[in-house]
Amino acid sequence: MSLHSKIVVWYQVADQKVVLGESLSDTGQDVISIWLSVPEEENQENSLGYRLSLFDDGGREIANKAISTLTADDFLAQIKVRA
């Protein structure tokens, strides 16, 4: 099983991804548990393009979900932002 090394918060603008911040596993946090605890936006039209992606140690995106603007703001406020 590979370690889940990072979570990236990003925003979709047309065909481009704008990275807003990331949380890395080297902070001693359980990144997969953090990713699972963040609520997914049920009505994806209301997500306004905000997404949360989970990456493995090799840098491959293994999961992503739509999140609300408020959830994105809350998540970014709780992590050491690396943009």
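Can you name the residue in the stretch 1-28 that is of a type in the set (Gly, Ala, Ser) and within 17 Å of Asp56 (Cβ to Cβ) and, of all such residues, is modelled with the highest pLDDT? Write out each step before concluding.
First pass over the stretch 1-28, keeping only residues of a type in the set (Gly, Ala, Ser): 2, 5, 14, 21, 23, 25, 28.
This time we only want the ones that are within 17 Å of Asp56 (Cβ to Cβ), so: 2, 5, 23, 25.
Details: Ser2: 44, Ser5: 78, Ser23: 84, Ser25: 69.
Filtering the stretch 1-28 for residues that are of a type in the set (Gly, Ala, Ser) and within 17 Å of Asp56 (Cβ to Cβ), the one modelled with the highest pLDDT comes out as Ser23.
For the stretch 54-78, give me each residue that is among the small types (Gly, Ala, Ser), under 11 Å from Trp10 (Cα atoms) and either modelled with pLDDT of 95 or more or in a helix (DSSP H, G or I) (or both).
Ala72
Just for the stretch 46-58: of the residues that are of a type in the set (Gly, Ala, Ser) and open to solvent by less than 50 Å² (accessible area, probe 1.4 Å), which one is nearest to Leu24 (Cα to Cα)?
Here is the first cut: in the stretch 46-58, the ones of a type in the set (Gly, Ala, Ser) are 47, 49, 53, 58.
Okay, now just the ones that are also open to solvent by less than 50 Å² (accessible area, probe 1.4 Å), so 47, 49, 53.
Details: Ser47: 24, Gly49: 22, Ser53: 12 Å.
Selected residue: Ser53.
The values are calculated or read from the model by the stated rules, or taken from the named source; none is laboratory data. These numbers were taken from a predicted model, which means no experiment stands behind them. A quick note on method: Cβ atoms are made from the backbone with ideal geometry, for glycine too, and the neighbour counts reach across all protein chains shown. Keep in mind that these areas ignore ligands, DNA and RNA; they rest on the heavy atoms of the full protein, side chains included. Shrake-Rupley method; radii C 1.70, N 1.55, O 1.52, S 1.80 Å.
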